[in-house]
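Bear in mind these aren't lab numbers, they're just calculated from the coordinates by the rules spelled out. All values derive from a computational prediction rather than experimental measurement. Please note: Cβ atoms are built from the backbone with ideal geometry, for glycine as well, and neighbour counts cover all protein chains shown.
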Amino acid sequence: MTDQIPNTRPPLPDRLSIDARSPHHVPAVFEHDIGIRFNDKERFDVSEYCISEGWVKVPSGKTLDRKGQPLLIQLKGRVEVFYK
């Protein structure tokens, strides 16, 4: 008998950030491919999102903040998150 562990994915959180220093960073979610649709268009440059408040944060060109991190702008709209 082989004991196979089903491929279970953690539930997608309401708010998620790719920055490991953020309290909204969940490493278990990033082990799987996720997709983000913002206003019915799939985005590949999202750094942080919040479904309940309806916003995403994306880098603003090549601009960096004083700590060397990309400067983020917040866009408001309909946010949908899914596993690929």
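Key figures
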item: Amide H contacts under 5 Å for ILE34, placed H, 5+ residues apart; result: LYS84
item: Positive dipole terminus of the chain, leading residue within ILE36, PRO59, TYR83 (C-beta point charges); result: PRO59
item: Read-out semi-axes √(5λ) of the Cα gyration tensor in Å, derived from the coordinates shown; its label in (1) 23, 16, 12; (2) 27, 16, 11; (3) 36, 12, 8; result: (2)
item: Relative packing of peptides 30-38, 66-74 - highest average C-beta neighbours within 10 Å first; result: 30-38, 66-74
